[in-house]
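What follows is calculated from the coordinates using simple rules that are stated; it is not laboratory data. Every value quoted in this text rests on a predicted model; they were computed, and no experiment measured them. Cβ atoms come from the backbone with ideal geometry, glycine included; neighbour counts cover every protein chain shown.
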Amino acid sequence: MVNVISRLAVLLILSFATVTALAQSGRVQPTPTPEETVKVETEEIKLNVLAFDSKGQFFKDVSANDLVITENDILHQPASVRRIPANVLIVLDTGGEMRYVKSLDRTRQIARALIAALRPEDNVALIQYSDKAELVDDFTSDRKRTLDALMKRTNFGRGSAMIEALTLATETLQKLQVDNRQLVLITDGTDGRDRNSARFEAFQRLTATDISVHVFSYASLESTDIEPRTKGISNSPPPKAMPDEVAQQLPNGARDVATAPKSKTITIDRDFLQRMKSRKASLEVAEIELRKLTDSTNGEFILPVSVDEMIDKAPLVARMIDSAYVVTYMPKVPVIATRGLAERKIEVTSKRFGLDVQARRRVLVQDSK
C-alpha cells in the first residue's frame, strides 16, 4: 500500500500543503515498494462566501453543486461547502492624541450594537489599542462576559498603535485553528508612528489569510471635522473665559458679550496648521487603504456621514458575517508552478436560481517552505 502524506500550511489558506514529490526532480524514480512513502503536493484554498436570497436574507442549504469558482479566469468546482459559527475578533481604536469625533463611548456603542446582532453561537473576542495593543477578552459565546469586558476593561489613551493591533489580531485569529474567521475594525485607520513599511506588511499578512475584514471607519468624520482647522478655523467654540454663574453677575451689556455664543475661532499657529494638514492627509490615506483591504478580503466597509449611522449599520455587518459559508477548492495551478508566490483573483458565482453570492478576494499565496 502506498501512503500519501500532505502537509497542511498557510498563508491565505488555513490549508495549504506543499511537499515536493521525488519525481519532480526530473530523475526517473523506481517503483515504490509497499514500505516506501510517496510524497505528493496538495493545496486547498478556503474562502468565506456570503449567500443571500432575492430579498437579501440568508440563503440556507447551499451545496457545492450550487457554486462555480473562478481563479484568475480558470473555472473550479468547490470541494466542500459548510456553514459553521463565526469567530469574530473586534478591534477597538481607543487612542489617538488628535481626535475630535472618535470617542470611547461611541466606539463602545458600535461594538455593543454589533455584538447584539450576531448569532448566539458565534464566538467573540476583543482587542483594544491606544499606546499599545492588548487582548481585552478572548473568544467566547458568553455575551455577558464580552459586554462586561467591553464596558469595564476598555479605556482611552494618547497613542495609536494600529500596526501592533493588526499584527496581534492576525496572530490571535490564526492561532484558533478553526474556519470562518472574521475581523472587525472600529477605527480611524491611522497609526501614531506613521510606519509605512510596517503598515504595508501588516496589510499583506492579512491579505494572505482566509480572514474576512470589516471596517467601521471614523476617517471621513474626522477628516470633515478637521478640514476647517487646516485653514486656521475651528467650528468648535473656544473655552469660556469665565464660569456661567460669574458671567450672570455682570452688568447687562457686559453680560451679553460674555454669554454670547461663539461659533468659530481663528488661529495663525503655523505648527498647529501643519499638524492638522498632516492629520487630514493620514486620514485620507487610511480610508483608501482600509477600503482596499475590505475589498480584497470579502468584507464590508462602513464610511458613515454620522456616528449614528455607524451604530445603525452594525446589524448590517453582523448579517454579512452570519451569511457566510466556508467553501474549499483545489486550485488547478499550484503555488509551486508560480515559483512559490502568486497573487490570485478569486470570484464565486451561483448556478442556483434565487441564490446570490458574494465572494470577492484578491490574495497573496506563498509557498510555506
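Data for the structure
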read-out: Residues 280, 46, sorted so that the one with the fewest Cβ neighbours within 10 Å comes first; value: 280, 46
read-out: Long-range amide H partners of residue 214 with built H, under 5 Å; value: 183, 184, 185, 300
read-out: Sorted by Cβ density within 10 Å, fewest first, the residues 300, 134, 121, 222; value: 121, 134, 300, 222
read-out: Nitroxide proxy distance, nm - points 7 Å out along Cα→Cβ at residue 73 and residue 155; value: 5.7
read-out: Rg followed by Dmax, in Å, when the range 41-106 is reduced to its Cα trace; value: 19.3, 53
read-out: Cα lying deepest toward the dipole's positive end in the range 38-197, options 63, 140, 182, charges on Cβ; value: 140
read-out: Built amide H within the under 5 Å cut-off of residue 188, gap 5+; value: 218
read-out: Packing-based exposure ordering (other Cβ within 10 Å, fewest first) of 102, 332; value: 332, 102
read-out: Rg/Rg_globular for the range 124-185, with Rg_globular taken as 2.2 N^0.38 Å and Rg from C-alpha atoms; value: 1.13
read-out: In order through the range 292-308: 3J(HN,Hα) via Karplus (6.51 cos²θ - 1.76 cosθ + 1.60), integer Hz, x for Gly, Pro; value: 4, 5, 5, 5, 7, 10, 6, x, 10, 10, 9, 10, x, 9, 8, 5, 4
read-out: Cross-link table 102/144; 102/132; 102/313; 102/277; 175/332; 152/313, entries beyond 21 Å C-alpha to C-alpha; value: 102/144; 175/332; 152/313
